[in-house]
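Step one of this worksheet: look at the structure below.
The values are calculated or read from the model by the stated rules, or taken from the named source; none is laboratory data. Here the structure is a predicted model, which means the values were calculated and not measured. Glycine gets a Cβ as well: all are built from the backbone with ideal geometry, and neighbour counts include every protein chain shown.
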Amino acid sequence: MPNIVLIDDHCMVLDSLSIIIESDKRNKVIEKFSDCQSAIEYINSNSGQIDLVITDLRMPEESGIAVLEVVQKKHPRLKSMVLTQFSGDHYIINCVKLGINGYVLKNCEAQVLLEAIDQIVQGGFYLCNKSNLIFVESSRKQATKQHLTDREKNIVKLISKGKASDEIALSLNISKHTVAYHRKNIFDKLKMDSVAELTRYAIQSGILYFDPS
């Protein structure tokens with residue numbers, strides 16, 4: 001059961017989000033904050049009890065970016081997701097650079113939010129369909145070029161889609177040992193440590209394209 005902290009400057013939004021999030025009985029909203037400073041103080045004191053921080057971006061006095069910076073620098077174990085109305089490519093790219101695990105727009109359906117939480121908690125990276133194409137178009141041209149073989153690119157794509165090693169082996173008609181060998185080489189070559197990082201790279205480099213439907 002993931003413990004979730006919500007940050008939004010509108011109390012009605014916080015209450016509505018809590019109801020939606022806890023409609024999935026696996027989720028628990030442990031705290032809600034309408035200002036960033038109180039949220040930061042709570043996160044710094046209780047990081048061990050938190051699994052996921054969900055924050056808006058623009059708020060009075062201090063931006064949600066301040067929360068994301070604290071999570072990234074002081075509590076890298078924590079997952080973070082932006083839930084906002086802002087779909088500008090610079091917002092998305094800047095947040096991804098800060099190491100977020102997901103970016104969801106407030107005009108997405110409630111089920112999208114629940115899917116995002118589930119995927120992020122399991123170690124994945126999530127962009128809702130209304131924001132992923134903006135991100136891909138704006139950032140794949142800027143992605144650092146890394147030399148991956150076609151086989152490695154196929155494996156990156158499947159890993160980013162959440163496929164397990166045995167599923168990848170079956171899909172590519174290779175052994176699990178070969179998958180493990182390529183997987184290690186990919187993470188070493190790209191100097192990455194997590195599937196979330198790899199998924200961000202797959203999006204940025206154009207290896208992985210989300211279904212816009």
Answer with yes or no whether Asp24 is surrounded by 13 or more Cβ atoms within 10 Å (Cβ to Cβ), over 21 Å from the mean Cα position of the chain (by Cα) and among the acidic types (Asp, Glu). no
Just checking, how many residues over region 48-64 are touching a residue at least 12 places away in the same chain (Cβ under 8 Å) and either surrounded by fewer than 18 Cβ atoms within 10 Å (Cβ to Cβ) or among the aromatic types (Phe, Trp, Tyr) (or both)? 6
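Does Glu69 fit the bill of being surrounded by fewer than 16 Cβ atoms within 10 Å (Cβ to Cβ), in contact with a Leu (Cβ under 9 Å, 6 or more places away or on another chain) and not polar (S, T, N, Q)?
Yes.
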Contact list, first residue from region 71-97 and assigned by TED's automatic domain parsing to the domain that holds Ile117 and modelled with pLDDT under 90, second anywhere and surrounded by fewer than 20 Cβ atoms within 10 Å (Cβ to Cβ) and among the β-branched types (Val, Ile, Thr), beta-carbon distance below 7 Å, six or more apart or interchain, is Ser87/Ile134; Asp89/Ile134; Ile92/Ile134
Condition met for Leu52 (within 20 Å of Glu109 (Cα to Cα) and either at pLDDT below 95 or outside the structural domain of Leu105 (by TED's automatic domain parsing) (or both)): no
Total residues in region 22-65, condition aliphatic (A, V, I, L, M), outside any strand (DSSP E or B) and under 9 Å from Val5 (Cβ atoms): 3
Enumerated helices (runs of 4 or more DSSP H) restricted to region 112-208, each holding at least 3 residues that are modelled with pLDDT under 90 and aliphatic (A, V, I, L, M): 129-139, 195-204
